[in-house]
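Okay, structure first, notes after.
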Amino acid sequence: MSKLQGDPSLTSAGGVQTPTSLDPADWAQFREAAHRMLDDTIDHIANIRDNPVWRPMPGETRARFAQPLPTKPRDLGCVLDDVRAHIFPYATGNLHPLFMGWVHGAGTPIGMVAELVAAGLNMNCGGRDHVGIEVEKQIVRWMSEALGYPASSSGLFVTGSSMANFLAVTIAKTEALGASVRQSGLRNAEQQLVAYTSSEAHICIAQAMQLSGIGSANLRSIAVDALGRMRPDALCAAIDEDRALGLLPFLVVGTAGTVNTGAIDPLADIATVAGREKIWFHVDGAIGALGMLSSSMRELFSGIEQSASVALDFHKWGHVPYDAGFLLVRDSAAQKRAFAQPAAYLQRSDRGLAAGETWPCDLGPDLSRGFRALKTWMTMESLGTERMGNSIAHTCELARYLSDKIACDPRFEIKAPVALNIVCFGIRGADAEFTRNLVLDLHEQGVAVPSWTTVNGELAVRCAIVNHRTSKADIDTFVNILVDYLA
Ligand SMILES: Cc1ncc(COP(=O)(O)O)c(C=O)c1O
């Protein structure tokens, strides 16, 4: 044994432990407890239909997590028993096929295994020359291929699309004002930046404008048509107006699947306007962009391939476990110009662990980063994009099925056209109070989890069918639940 490999009595997994190590004293015992926990988690997923979709936490559980700092160790078996008693039963519920609230992915068993492996390896994917960086680059190339971007594009895993959209605003700002804005700040800008998005855009776009220092008052809310899609004529008029005022249009954000109704902006038309006006065209594809994996849906997103950047979420329609947001950028140099920072302790080399020219920390604000790419790679590699795309298309079929059932029942009314997988409906003659109570009662009964939104000024029940486990029979069950509630 070479001296460089160290003293086995201090490092061997089954052997002697350093006194201050945090590893288990008894690996065999740990292995058994961990295997049991894995089995319990698999059972939780496999038997998800046997449980309520959601249940409120009892006081005992809230009290369990209101205890003082644990200064002394506790037996792992007892800790895991707490997980079984207090964590498993009170999860969000999004694994269940009758969960249709907000926009939640359902996860997959393979994603769970990937999380376990990633935690075991505990890699820091901010940079350096290791396989985590290669896997992330693989996802960048795959998404470039799927979305019609050039192979030279760059990309980055982030928490979610809120963060990906913020990064896109930051890149567009830096491109508009030049990289010196990173030092000088916005006060020295000669012109006021203005951005454009539809009145149906997600609120995180306004938040991104706030966080970037530009201010959400400088985000124009462009009118939508009857289908909830941005009107290109209104976009052009707003840009003309701002130019006439001496302002600097720098960014238009189109949405591929709006949060309220799933509407898809006319991305090709917006691309034409952005090209003519020389402004950054970003697509918020949090909900819809992965629809590009379905051959039957790809056409809906025509124009996305002309954008400058796309935000998307693998944790929604891709069912990669939370969190797995992603930003794809056509011009890799632009992404780097917005974020890369020289630092003595991060200098690169042409060999060793410090090798590599561009590290993920050059492409976004995070330096320490987990291995989100692994769960995405394992999901895509093991399922294949055709199967994922078919599952996505199926949720849209289910949304149409639900919408048809609702539409032909005089007790209900459809509140918005169904573009993708989101159905908004009301109860005829019911006021907002009744609708709120209906949604909350279904939650508390544990039978189904829809959510709500406001459509044309009225509160509507909103079902986003994202879950790959949801079937036609589940939709029938859901409608029966509604009918029983109204009886
Ligand atoms: C259209 C749209 N954009 C952005 C977001 C924010 O995504 P995340 O929750 O991953 O930050 C959402 C979330 O539902 C969304 O629907």
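No lab work stands behind these numbers, since they all come straight from the coordinates. Quick caveat: nothing in here was measured; it's all calculated off a predicted structure. For neighbour counting, all protein chains shown are included, and Cβ atoms are generated from backbone atoms with ideal geometry for every residue, glycine included.
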**OP:** Report the extension gain between residue 37 and residue 471 in nm, rounded to one decimal, defined as 0.36 nm multiplied by the number of residues separating them, less their alpha carbon distance.
**Re:** 153.4 nm
Subject >> Neighbour cut-off at most 11 other Cβ (10 Å), DSSP loop, trypsin sites (Lys or Arg not before Pro), the range 419-487 >> reply: 428
Original post:
Normalised by the residues of the range 116-383, what does the relative contact order come to in percent, with Cα pairs under 8 Å and at least six apart?
Top reply: 29
**OP:** Please tell me the relative contact order of the range 390-486 in percent, rounded to the nearest whole number, where contacts are Cα pairs under 8 Å and at least six residues apart.
**Re:** 30
Original post:
Of all DSSP beta bridges in the range 244-367, what percent run antiparallel (nearest 5)?
Top reply: 40
**OP:** Report the charge-dipole magnitude of the chain in Debye, nearest 20, computed about the Cα centre from +1 at each Lys and Arg Cβ and -1 at each Asp and Glu Cβ.
**Re:** 720
**OP:** Take every DSSP beta bridge with both residues inside the chain and express the antiparallel ones as a percent of the total, to the nearest 5.
**Re:** 55
Original post:
When only C-alpha pairs under 8 Å and at least 6 residues apart count, what is the relative contact order of the chain, in percent?
Top reply: 21
**OP:** Tell me which residues come under 5 Å, amide H to amide H, from residue 286 once H is placed; ignore anything under 5 positions away on its chain.
**Re:** 256
Original post:
Gap in Å between the Cα centre of the range 29-72 and the Cα centre of the range 269-346?
Top reply: 36
**OP:** Pull up all non-local amide H partners of residue 125: gap of 5 or more, or a different chain, and H-to-H distance under 5 Å with H placed in the peptide plane.
**Re:** 369, 370
Subject >> Dipole in debye (nearest 20) - the range 95-231, about Cα centre, beta carbon charges: Lys, Arg +1; Asp, Glu -1 >> reply: 340
Original post:
Which residues make up the longest stretch of the chain that has no GluC sites (Glu not before Pro) in a DSSP loop with at most 13 other Cβ atoms within 10 Å?
Top reply: 1-189
Subject >> Euclidean distance of C-alpha centroids, the range 139-213 and the range 87-105, integer Å >> reply: 30
**OP:** Provide the per-residue ³J(HN,Hα) series for the range 100-106, in order, calculated from phi with Karplus coefficients 6.51, -1.76, 1.60 and θ = phi - 60°, each as a whole number of Hz, with x at glycine and proline positions.
**Re:** 9, x, 6, 9, 10, x, 9
Subject >> Summed side-chain charge close to residue 172 - residues other than residue 172 whose Cβ falls under 14 Å, Lys, Arg +1, Asp, Glu -1 >> reply: +1
Original post:
Each residue of the range 481-487 in turn: what ³J(HN,Hα) in whole Hz from Karplus with 6.51, -1.76, 1.60 and θ = phi - 60°, glycine and Pro shown as x?
Top reply: 4, 5, 4, 4, 4, 7, 5
Original post:
Tell me, what ³J(HN,Hα) does each residue in the range 403-414 have, in order and in whole Hz, if you take phi through Karplus 6.51 cos²θ - 1.76 cosθ + 1.60 with θ = phi - 60° and put x for Gly and Pro?
Top reply: 4, 5, 5, 5, 5, 9, 10, x, 6, 10, 9, 6
Subject >> Label-point gap, in nm, between residue 88 and residue 295 - each point 7 angstrom along Cα→Cβ >> reply: 4.2
Original post:
So for the chain, taking the charge dipole from beta-carbon charges (+1 Lys/Arg, -1 Asp/Glu), which of 100, 480, 292 sits furthest toward the positive end?
Top reply: 292
Subject >> Dipole of the range 390-486 [Lys/Arg +1, Asp/Glu -1 at C-beta], most positive-end residue of 396, 465, 448 >> reply: 396
Subject >> Entries in 173/415; 336/415; 375/472; 173/316; 316/472; 137/316 that, when Cα-Cα distance is taken, lie over 32 Å >> reply: 173/415; 336/415
**OP:** Counting other Cβ atoms within 10 Å, keep those with at most 14, restrict to DSSP loop, and tell me which trypsin sites (Lys or Arg not before Pro) in the range 181-286 are left.
**Re:** 278
**OP:** With only Lys, Arg, Asp and Glu charged, each at its Cβ (+1 for the first two, -1 for the last two), find how big the charge dipole of the range 293-346 is about the Cα centre; round to the nearest 20 debye.
**Re:** 160
Subject >> Positive dipole terminus of the chain, leading residue within 237, 157, 181 (C-beta point charges) >> reply: 181
